[in-house]
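Step one of this worksheet: look at the structure below.
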Amino acid sequence: MPVPRHILEQLQEAEKAVAGEYQEPRGELTVTAPTMFGELHVLPIASEFLAAHPKIDLRLFLTDVMVNVVEEHVHVAVRIGELEDSSLMARRVGSTRSITCASPSYLRAFGAPRAPEDLTERDGVTYRGFVSSPWRYVRSASHVTAEPRARVAVNSPAAAVMAAKAGLGITRALDYQIASELRSGALTPLLEAFEVPALPIHLVFSGQGRLPLKVRAFLDWMAPRLQARLAAEGVGAPAGQPRPGA
């Protein structure tokens, strides 16, 4: 006979208390984030956090699959997009734009599309993750869907960026994924007048039970530093605004 969930939760709370997780920041901390976001932004800040908290061990799970925070016993998750699970607590740390872009060499050869519909006549580099989403744009408050012919299709956003930089076609990426390429001019933003609204970025965590000090310490450390880091990179900045360091 399976043990009721509320009994398991009580046992877990007791284990945390015995381990001293409510007296000081200590123990194993599980964090999940989208792969590229975690590599670029979460890990550098988390490394500094661990140096300041030697009794905490980090388990960083990077995946582009949505992880169930409660069922997978994740302490903190980075969520990009609108939040749907109202049972979770959240701290907003910024936003990110979805940017259509191409290399200068591709644009010299084929010209820049002036409207979303022009994409259908172009070569593209498409990212096919676990869930494929169409390229959506906004015109006069209505949504328009259009995308180029997938000359190159990859399952890694980093690979899509590399292929676009090589001039293989037009791609679409979140601005945190291409911040350095936009600053350097390796990629040029396109169709900015038709962009969909920016997506929010949150740190989410379970609102059930007492919050262990290791989780509170991580949130208090990560949230302001991540917000400042994204702002310094120009992530989520409105279209047309100069990017830092450009």
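Of the residues making up the range 82-131, those that are over 28 Å from ASP57 (Cα atoms), open to solvent by less than 50 Å² (accessible area, probe 1.4 Å) and within 19 Å of the chain's Cα centre (by Cα) number 9. In this structure, is PRO224 under 18 Å from PHE49 (Cβ atoms) and open to solvent by 30 Å² or more (accessible area, probe 1.4 Å)? Taking the combined requirement at face value, the residue satisfies it. Contact map, the range 48-64: residues that are within 17 Å of PRO34 (Cβ to Cβ) and surrounded by fewer than 17 Cβ atoms within 10 Å (Cβ to Cβ) paired with residues that are among the polar types (S, T, N, Q) and modelled with pLDDT of 95 or more, Cβ distance under 7 Å, separation 6+ or inter-chain. Pairs shown: ARG59/THR30; PHE61/THR30; PHE61/THR32; THR63/THR32. Filter the range 1-28 for residues that are exposed (fewer than 12 other Cβ atoms within 10 Å of the Cβ) and part of a helix (DSSP H, G or I); which is modelled with the highest pLDDT? Among those that are exposed (fewer than 12 other Cβ atoms within 10 Å of the Cβ) and part of a helix (DSSP H, G or I), it is GLU15. Residues in the range 227-239 that are open to solvent by 10 Å² or more (accessible area, probe 1.4 Å), hydrophobic (A, V, I, L, M, F, W, C) and assigned to a helix (DSSP H, G or I): ALA228, ALA231, ALA232. Exactly one residue out of VAL152, VAL204, VAL196 is assigned to a loop (DSSP other than H, G, I, E, B) and either open to solvent by 20 Å² or more (accessible area, probe 1.4 Å) or under 30 Å from VAL76 (Cα atoms) (or both), and it is VAL196.
Quick one: which of LEU182, LEU168 is open to solvent by 20 Å² or more (accessible area, probe 1.4 Å) and outside any loop (DSSP other than H, G, I, E, B)?
LEU182
Residues in the range 134-180 that are of a type outside the set (Gly, Ala, Ser), touching a helix residue (DSSP H, G or I) at 6+ places or on another chain (Cβ under 9 Å), free of Cβ contacts under 8 Å to residues at least 40 places away in the same chain and under 23 Å from LEU40 (Cα atoms): VAL154, VAL161.
The values are calculated or read from the model by the stated rules, or taken from the named source; none is laboratory data. Owing to the predicted nature of the structure, the values given are computational and were not obtained by experimental measurement. Note that we place each Cβ from the backbone using ideal geometry, even for glycine, and neighbour counts take in every protein chain shown. Surface areas here come from the heavy atoms of the whole protein model, side chains and all, with no ligands, DNA or RNA. Shrake-Rupley method; radii C 1.70, N 1.55, O 1.52, S 1.80 Å.
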